[in-house]
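Only one structure is covered here, and it is reproduced in the block below.
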Amino acid sequence: MIGQQADQGIVVGQTMLTFWLPERIDTLLGAHERRCQCSRSEVLRAILRQYLYGISGDPDQTPALSQPTVQVRRGEWGGRLPQLGKNTAQAKLLVPSRWSRDLTALGAEAGVTRSHFAREVVVTSLLGHAYLPARNRPSCC
């Protein structure tokens with residue numbers, strides 16, 4: 001098992017990313033899988049990679065984001081996305097550790113956890129931004 005941690009089977013330099021998706025999004029992902037003839041993990045990785053680094057961006061050439069120093073929470077609506085129902089479908093995939101760190105940093109900037117942010121990325125990629133409620137930003141004064 002060269003290049004892998006023997007007890008977890010995770011390739012060195014990769015992280016397991018787990019988050020939950022609403023049933024409606026799970027159905028859309030299934031249709032997308034059949035259309036492109038690829039696995040759900042491949043579809044999700046493509047969505048996350050495009051969000052983080054663009055269509056032709058190279059993660060290795062992109063400057064690293066600064067890591068959060070504040071505690072984040074699941075979002076003001078408790079992790080649920082209005083009109084999409086309860087998050088019941090598990091998304092579990094290996095991603096490069098860099099992607100995980102960048103998702104964490106972007107989520108912290110938005111005031112939500114990495115998992116919640118990843119869920120939002122997938123929803124906006126499939127349905128657009130109209131399905132997400134506006135975030136209430138705390139006033140500074």
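The values are calculated or read from the model by the stated rules, or taken from the named source; none is laboratory data. Being a predicted model, the structure only gives us computed values, none of them experimental. Positions of Cβ are generated from backbone atoms using ideal geometry, with glycine treated the same way; all protein chains shown enter the neighbour counts.
Things worth noting here:
- Any hit, the stretch 65-80, residues being modelled with pLDDT of 80 or more and out of contact with any Cys (no Cβ under 6 Å at 6 or more places or on another chain): no
- Residues being surrounded by 20 or more Cβ atoms within 10 Å (Cβ to Cβ) and of a type in the set (Ser, Thr, Tyr) - total across the stretch 105-133: 1
- Screening GLU42, GLU109 for residues that are assigned to a helix (DSSP H, G or I), at pLDDT below 90 and of a type in the set (D, E, K, R) leaves exactly one candidate, GLU109.
- Residue in the stretch 113-136 that is modelled with pLDDT of 75 or more and in contact with a Pro (Cβ under 7 Å, 6 or more places away or on another chain) present: no
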